[in-house]
Amino acid sequence: MPFPAEQQKGFTLIEMAMVLVIIGILLSLGVGLMGPMTKRSKLIETREIMKAAQEAILGYAAARKSLPPDLNSLGVRTTDSYTRSLSYYPVSFPNLCTSTGAYLTVNDASAGGVPHAITNAAFILIADGDNRCNQTGSASPFTIYAQAASGAPVPACPAGADYDDIVLYVGIDKLRWQICAPFSITTDSLPVGKVGVFYPPVTLGATDGAMPFAWVLTSGSLPTGLSLSGAGIISGTPAADGSYSFTARVEDNDTPRKIATKSFSITINP
């Protein structure tokens, strides 16, 4: 049965105009959301790249007890989601567990307010963000601002650009806790001595601390005639026999200093 004539009509001009208006509104909304969605996607991608680079740095440090001089040898991506190279600034120590040097200073105001000074950072990673400009710095001291903070850009950055760097850093204490064994005294026992016979010098040992070490006697006593030097050397000529117990303490040369103690005994035969 044929449809009535009025049901066979197409859209009227008014109806078509309304449809086009609705389509235009939807398209404009989509275009308006596209920018923020793309920016957020790139932010998430860059954060993942940064985390992977940080884990690779920590893995390198754990295996070699030093930081990589650059990111190229780590086998991970070294550019952010905008294809800008990550900025990486490490300390240069021969051995992170046993040597010291100049640390990095990071003034962290990422939570807003007054910057909190971190004076012993081991390395810092920086991604430039959407404005493609490093606003954190290229030498110590570095300054991290709250995201979208105004007044943070450095002169080389676009005028009026809000701070949008993505930054990761690790302090030397946390790094050493992850990759170094605890600071400890490694000497287990001391040789037997004899009254009136020169005691062969014995140097107490410690590991995973920054040298030079400083040794002191904290309790007990050494055999009469023997002494413990600040360098950890026990020497002298025993004057009396017997068994002597004492506790030695050692401090390393780090800031803050690490401390280890251990109890010993020396037997002196007649």
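For residue 206, the residues 5 or more places off, or on other chains, whose built amide H falls under 5 Å of its own are 186. Taking the square roots of 5 times each eigenvalue of the Cα gyration tensor of region 61-176, largest first, gives ellipsoid semi-axes of 26, 18, 10 Å.
Working note: Karplus 6.51/-1.76/1.60 with θ = phi - 60° gives region 188-193 the couplings 9, 8, 10, x, 6, x Hz, where Gly and Pro are set to x. Local charge for residue 264 was computed over the other residues whose Cβ lies under 12 Å away, with Lys and Arg +1 and Asp and Glu -1, and equals +1. Take region 63-210 with all the other protein chains still there, run a 1.4 Å probe, and you get 48 Å² of accessible area per residue.
Directionally averaged projected area (region 142-270, Cα convex hull): 11.0 nm². Diffusion of region 90-133 by Stokes-Einstein, at 25 °C in a medium of 0.890 mPa s and with Rh set to the Kirkwood radius over alpha-carbon pairs, works out to 196 µm²/s. Between residue 262 and 248, the built amide H atoms are under 5 Å apart, and every one of these is 5 or more places off in sequence or on another chain. Candidate cross-link partners of residue 258 among the lysines, defined by an alpha-carbon separation under 21 Å and a same-chain spacing of 8 or more, comprise 65, 174. If I compute solvent accessible area with a 1.4 Å probe over the protein chains, what percent of it on the chain is carbon and sulfur? Roughly 60 percent, rounded to a whole number. Sort all Cα-Cα distances of region 174-230 into consecutive 5 angstrom bins from zero, then give the percent of pairs in each bin up to the one containing the longest distance. Percent of Cα pairs in each bin: 4, 13, 22, 22, 16, 10, 6, 4, 2, 1.
Simple point charges give the picture: +1 on the Cβ of Lys and Arg, -1 on the Cβ of Asp and Glu, and for the chain a dipole about the Cα centre of about 460 debye.
The simple spin-label model puts a point 7 Å past each Cα toward its Cβ; for residue 147 and residue 187 those points are separated by 5.5 nm.
Taking amide hydrogens as placed 1.01 Å from N in the peptide plane, the amide H of residue 108 sits under 5 Å from those of 116, 117, 118, 144, each at least 5 positions away in sequence or on another chain.
Whole-Hz Karplus values for region 263-269 come out as 9, 9, 9, 10, 9, 10, 7 Hz, taken residue by residue from phi with 6.51 cos²θ - 1.76 cosθ + 1.60 and θ = phi - 60°; glycine and proline positions read x. Using just its DSSP H runs of length 4 or more, each adding -39500 (n - 2.57), the chain gives a mean residue ellipticity at 222 nm of -8000 deg cm²/dmol after division by all residues.
In the elastic network of the chain, a GNM with C-alpha springs shorter than 10 Å, the most mobile of 72, 134, 253 is 72. Shape index of the chain: Rg/Rh, with Rg the Cα radius of gyration and Rh the Kirkwood radius from the inverse mean 1/r over Cα pairs, equals 1.37. Anyone know which of 91, 202, 106 comes out most mobile in the 10 Å Cα GNM of the chain? Most flexible of the set in this elastic network: 202.
In a DSSP loop and with at most 11 other Cβ atoms within 10 Å, there are no chymotrypsin sites (Phe, Trp or Tyr not before Pro) in region 162-270.
The values are calculated or read from the model by the stated rules, or taken from the named source; none is laboratory data. Every value quoted in this text rests on a predicted model; they were computed, and no experiment measured them. Every residue, glycine among them, receives a Cβ derived from its backbone with ideal geometry; neighbour counts consider all protein chains shown. Note: areas computed on protein heavy atoms with side chains; ligands, DNA, RNA excluded. Shrake-Rupley method; radii C 1.70, N 1.55, O 1.52, S 1.80 Å.
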